[in-house]
1. When the distances between all Cα atoms of region 45-84 are binned every 10 Å from zero, what whole-number percent does each bin get?
2. Counting helices only, and only those DSSP H runs with n ≥ 4, report the 222 nm mean residue ellipticity of the chain as the sum of -39,500 (n - 2.57) divided by its residues, in deg cm²/dmol to the nearest 500.
3. Accessible area of MET59, 1.4 Å probe, to the nearest 10 Å²?
4. If you roll a 1.4 angstrom probe over the protein chains with everything in place, what fraction of the accessible area of region 30-88 belongs to carbon and sulfur, to the nearest %?
5. Please find, in a Gaussian network model of the chain (springs between Cα atoms separated by less than 10 Å), the residue of PRO199, PRO190, PRO160 whose mean-square fluctuation is greatest.
6. Counting Lys +1, Arg +1, Asp -1, Glu -1, what net charge surrounds GLY58 among other residues with beta carbon under 12 Å of its beta carbon?
7. Spin-label point model (7 Å from Cα, Cβ direction): what's the THR95 to ARG194 distance in nm?
8. Can you check how the C-alpha radius of gyration of region 101-152 compares to 2.2 N^0.38 Å, as a plain ratio?
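The values are calculated or read from the model by the stated rules, or taken from the named source; none is laboratory data. Keep in mind that what you see is a predicted model, and the values were worked out from it rather than measured. In this analysis, Cβ positions are derived from the backbone assuming ideal geometry, glycine residues included, and neighbour counts consider all displayed protein chains. SASA here: full protein model, heavy atoms, side chains in, ligands and nucleic acids out. Shrake-Rupley method; radii C 1.70, N 1.55, O 1.52, S 1.80 Å.
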Amino acid sequence: MQIDVFTLFPDAFAWFERQRHVANALAGGHRLEYVNYRDHTPLGAGQVDDTPFGGGAGMVLRVDVVEAALWARYGRDPVQLRQDRRVIVLAPGGTLLDDALVGELAREEALTLLSGRYEGFDQRIVDHFASDEVSIGRYVLAGGELAAMVLCDAVLRKLPGALGHPDSALEESFSDALAGAPEYPHYTRPAEWRGWRVPDVLLSGHHARIREWRLAQSAARGTGSADGPLP
Ligand code: 6GU
């Protein structure tokens, strides 16, 4: 997979690239590259944003700047580009990212992520250049970089070879294997700590019963009856 992140802060991703599953994915041939809007702005003095028409606080990322950056990267009109490539605007009001959307994106050969700062994007960027508008939750971040990392993290760990064990991404929270429910609880040594005992079934060595217990725990968490309700 090839992921291009358009950002004003490519340096923000240095730590992210050092994370084990990200490093594994990149070593395995997947690519994560950055385009800095500022390097392609047609305006003077590296300008990329402007004050909002109609007034109001903050600055808005300009449509001409984003168009120039997309043209420079792909050599074609971004209006056409979005017809055969996922071009994802990261914005708090977008479609909420969940495991199903992550899985869908992980099956793409290429993704383009547009992150913004300031008050947001000129709406024409969303309307004419983007195939998707995605949010990682109903709260506002100062910029799209953390959201881009969240999306990349979730997508990359779904790719074969990213995780240490091939089964790790299969039976995890919200996966089909668990019917969309949160994962069952895990325990490790010590088997008892301050009187808190690991459930006996997990120490029994009885694989069928362990499996049954785990699926029941997962299902109960999904309905909120195991450890209190989910939001
Ligand atoms: Cl994708 N961007 C920003 N700026 N804030 C967010 C978000 C994205 N998702 C939730 N909050």
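1. 27, 39, 27, 7
2. Helix contribution divided over all residues of the chain: -9500 deg cm²/dmol.
3. 60 Å²
4. Values: 1540 of 3130 Å².
It is 49 percent, rounded to a whole number.
5. PRO190
6. So the environment of GLY58 carries a net charge of -2.
7. Modelled inter-label distance: 4.4 nm.
8. Working: Rg = 11.5 Å, N = 52, 2.2 N^0.38 = 9.9 Å.
Rounded to two decimals, the normalised Rg is 1.17.
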